[in-house]
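Where a number appears in this text, it was derived from the coordinates with a stated rule and is not lab data. Computed from a prediction, not measured in an experiment: that's the story for all the values here. Heads up, the Cβs are rebuilt from the backbone with ideal geometry, glycines too, and the neighbour counts pull from every protein chain shown.
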Amino acid sequence: MSNLYSYNTSSAYKFDFAYGSERHTENKRLHEETKKTREKSSNRSFLNITNFIRVALCFAIAFVIVNGYVKINEAYSSVAKLEKQYNEIVATNQDLQVKIDKAVDLEQLLTIANEKFGMISPERYQMFYVDLSQSDFAQVCSEEKSRETEVAMSGVTGTITGAMNIFK
């Protein structure tokens, strides 16, 4: 590398001794580096987009789960309110039934039925009684019939005969 600069009349020029291959490989290397940086930047943008989609998907899943729990809690609270109302109504009904039971007087009820609705007591000839008591008893089968059944039930022909006797 002797003199890199040559002087012409008015300007200085740098001599470029790297003709062809060195210059070409350097341009190729620069081009590949810029290509790699572009690929890296596009890969980074792709990774950024996929990471954003993943995070958004996680938030969406979390939102759906939390929303489900909120709906379950709302349902439980509405069930609790309805159970409270039901218990209040049952207590009110029990109070009213007690009041009705205390207010009903059989003498007064009989008087109202007789006067207002014309109810009369039945006469003796209109009443009759049914005896529902029955005595339990057992009947013993004769030994001959039981022996016949044992003989009839032995074998295939006995089975057919027994079936015929059942349907008589």
Item to check | Filtered chymotrypsin sites (Phe, Trp or Tyr not before Pro), the range 94-132: DSSP coil and at most 11 other beta carbons within 10 Å | outcome: PHE117, PHE128, TYR129
Item to check | Radius 14 Å from Cβ of LEU96, net charge of other residues (Lys, Arg +1; Asp, Glu -1) | outcome: -1
Checklist entry - How high is the FRET efficiency between ARG38 and ALA62 when r is their beta carbon distance and R₀ equals 30 Å, given to the nearest 0.05? => result 0.25
Checklist outcome for this item: Here, GluC sites (Glu not before Pro) of the range 62-142 satisfying both criteria (DSSP loop; at most 11 other Cβ within 10 Å) are GLU123
